[in-house]
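Shown below is the structure under consideration.
The values are calculated or read from the model by the stated rules, or taken from the named source; none is laboratory data. Fair warning: this is a prediction, and the values are worked out from it, not measured in the lab. Neighbour counts are summed over all protein chains in view; Cβ atoms, including those assigned to glycine, are modelled from backbone coordinates with ideal geometry.
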Amino acid sequence: MYKLDYHKRVVKFIKRRVPREKDRILERLEKLKRDPYPTNENLDIKKIQGKKGYRLRVGDYRFLYDIEDNKLIIYMEDADNRGDIY
C-alpha cells in the first residue's frame, strides 16, 4: 500500500470543503492508496498528457499527483475545481 504525502495547498483545499464532500474525498484517497494507476476501476484516474503525473476526479474536483514507486509514495501536488486546475 502506498503512503499519501500532501502539498499544503491540497490540505487547505480539503479542509475548506463541507463535511459531506470532505468524507467523499477522503474515501477516494483511501482507495487511491491501494492502486494509484489508471488501471484502478474504482476510481476515475487518467495520465496527464504532456506532463509527468496523474489526475484523480472526485465529482467536480480534480487532484493532481505523482507517484514515487521506489518509496511507495503518492505526492498530491494540487487540488481545485474542474475548470481552475488545468
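Could you tell me which numbered condition Tyr37 fails, if it satisfies all but one of (1) in contact (Cβ under 8 Å) with a residue 12 or more places away in the chain; (2) more than 17 Å from Asp84 (Cα to Cα); (3) in contact with a Lys or Arg (Cβ under 8 Å, 6 or more places away or on another chain)?
The number of the failed condition is (3).
Are any residues in the range 42-63 among the hydrophobic types (A, V, I, L, M, F, W, C) and either part of a strand (DSSP E or B) or touching a residue at least 40 places away in the same chain (Cβ under 8 Å) (or both), and if so, which ones?
Of all residues in the range 42-63, those among the hydrophobic types (A, V, I, L, M, F, W, C) come to 43, 45, 48, 56, 58, 63.
If the condition is that a residue be among the hydrophobic types (A, V, I, L, M, F, W, C) and either part of a strand (DSSP E or B) or touching a residue at least 40 places away in the same chain (Cβ under 8 Å) (or both), then Ile45, Leu56, Val58, Phe63 are the ones that fit.
Further question: Looking for whichever is modelled with pLDDT under 95 and either of a type in the set (Ser, Thr, Tyr) or part of a helix (DSSP H, G or I) (or both) here; the options are Asp80, Asp84, Asp23. Which one fits?
Details: Asp80 fails: either of a type in the set (Ser, Thr, Tyr) or part of a helix (DSSP H, G or I) (or both); Asp23 fails: modelled with pLDDT under 95.
Asp84 is the lone residue from the list that is modelled with pLDDT under 95 and either of a type in the set (Ser, Thr, Tyr) or part of a helix (DSSP H, G or I) (or both).
Right, next: Return the pair list, or none, for Cβ contacts closer than 6 Å from residues in the range 17-31 that are of a type in the set (D, E, K, R) to residues that are surrounded by fewer than 11 Cβ atoms within 10 Å (Cβ to Cβ), at least 6 apart or on different chains.
Close Cβ pairs satisfying both conditions: Lys31/Asn42.
Going by the structure shown, is Phe63 at pLDDT 95 or above and touching a Lys or Arg at 6+ places or on another chain (Cβ under 8 Å)?
Numbers: at pLDDT 95 or above: yes; touching a Lys or Arg at 6+ places or on another chain (Cβ under 8 Å): yes.
It is true that Phe63 is at pLDDT 95 or above and touching a Lys or Arg at 6+ places or on another chain (Cβ under 8 Å).
Let me ask something else. Do any residues in the range 1-15 that are over 10 Å from Met76 (Cβ atoms) have Cβ atoms under 9 Å from those of residues that are charged (D, E, K, R) and surrounded by 15 or more Cβ atoms within 10 Å (Cβ to Cβ), where the two are at least six apart or on different chains, and which pairs are they?
Cβ pairs passing all conditions: Tyr2/Asp35.
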